[in-house]
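Laboratory data are not the source of any read-out in this text; all were calculated from the coordinates shown. As the structure is a computational prediction, the values presented were derived from the model and not from experiment. All Cβ positions, even for glycine, are placed from backbone atoms using ideal geometry, and neighbour counts span all protein chains on display.
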Amino acid sequence: MTARLDKDRLAVLVHEVRSPVAALAAVAETAAAPPDGESDALPALVRLALSACRAIERIVMDVAIASIRLEPVDMSALVSDAVAAHRVQGADVAVVLQEGLLVDGDPVRLLQVVDNLIANALVHGGSSEVTVRASRNEDAIDVVVSDTGSGIPTDQLDHIFDAGVRLGVVTPGSGLGLALARAIAEAHGGSLAARSAPGQGAAFTLALPAILDQPDTAASSS
Ligand SMILES: Nc1ncnc2c1ncn2[C@@H]1O[C@H](COP(=O)(O)OP(=O)(O)O)[C@@H](O)[C@H]1O
Ligand SMILES: [Mg+2]
C-alpha cells in the first residue's frame with residue numbers, strides 16, 4: 001500500500017492553506033492597527049486567529065500523511081540514527097535494541113516521530129535519563145522513549161496529543177510535535193501512546209505493525 005501526494009492533491013492543499021493564512025494576516029494587520037473605535041475587538045480577532053491556526057495545522061497534517069511512502073524500514077537502524085543525531089549534539093541518550101525489526105514505513109516520517117520523542121524527553125524531561133528501546137512485541141514493533149523527568153499528570157496524558165497543547169512549558173515549541181507524531185503513527189496502521197505518573201518520568205510507545213516472517217531477533221545495547 002502506498003499513499004502518495006500527487007500533484008492534484010498538492011494543488012488542492014496549497015489552495016486550502018491560502019484562505020486561513022490570508023485570514024491570519026488580516027487579523028494580525030487589524031490587531032496591529034485597529035480601526036478607530038474598534039480597539040475592543042481584540043478577543044474576537046484572537047478567536048479568528050486561533051481558528052485560522054487550527055485550519056493550517058489540519059492541512060499541514062494532511063500533507064504529512066498524504067505524502068507517506070511505504071518501504072521496508074529497519075527500525076533498529078532508524079532508532080540508532082535518531083539517537084546518534086542527538087548524541088552528536090552532546091545529548092546523553094541510552095539505547096537498547098533488538099536487531100532486524102522490519103516495518104512497512106516511511107523512513108523520513110518515522111525518523112521524524114522518533115526524533116521528536118527523543119527531543120521531547122530531553123527538553124520536557126529536564127536533565128533526566130533518556131532511554132530508547134526498540135523490540136518486537138508479538139505482531140508489533142515497539143519503540144519506547146522514556147525519561148525519568150517530572151512526568152505528565154494522568155488527566156493530561158491523552159490531551160498532550162491534541163494540536164497546540166503545551167503544559168505550561170516556557171521552552172520554545174509549537175505544541176504540534178505529538179499531534180503530528182500520532183497522526184504519522186496512525187497513518188502507518190500503528191499507534192502512539194504515553195504512560196506517566198507525576199514525578200516518575202514519562203514513556204512514549206510508538207507501536208507499528210511488524211513485517212512478519214522475520215528471523216529471530218537478538219538483543220544488543222550500547
Ligand atoms: N517527555 C515528556 N515529559 C513531560 N512532558 C512532556 C513530554 N513530552 C511532551 N510533554 C508535554 O506535552 C506537550 C506537547 O508536546 P509537543 O506536541 O511535542 O509540543 P512541544 O514540544 O512543541 O511543546 C509539551 O509541551 C509538554 O508539556
Ligand atoms: Mg515537542
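Think of the chain as having a plus end and a minus end, set by charges on the Cβ of Lys, Arg, Asp and Glu; of I211, T148, L180, L180 sits farthest toward the positive end of this dipole. Dipole magnitude for the chain: computed about the Cα centre from +1 point charges on Lys and Arg Cβ and -1 point charges on Asp and Glu Cβ, it is near 280 debye. Kirkwood-type hydrodynamic radius, region 7-66: 12.6 Å, calculated from all non-identical alpha-carbon pairs. In a reduced charge model with +1 at each Lys and Arg Cβ and -1 at each Asp and Glu Cβ, region 7-66 shows a dipole moment near 360 debye about its Cα centre.
In this simple spin-label approximation, D162 and A84 carry label points 7 Å from Cα along the Cα→Cβ vector, and these lie 4.0 nm apart.
Defining a contact as two alpha carbons under 8 Å apart and six or more residues distant in sequence, what relative contact order in percent does the chain show?
Details: 377 pairs, mean separation 44.4, N = 222.
Computed value for the chain: 20 percent relative contact order.
If you take the charge dipole of the chain about its Cα centre, with +1 on Lys and Arg Cβ and -1 on Asp and Glu Cβ, which of V27, V132, C53 is farthest toward its positive end? My answer, from the dipole projection, is V27.
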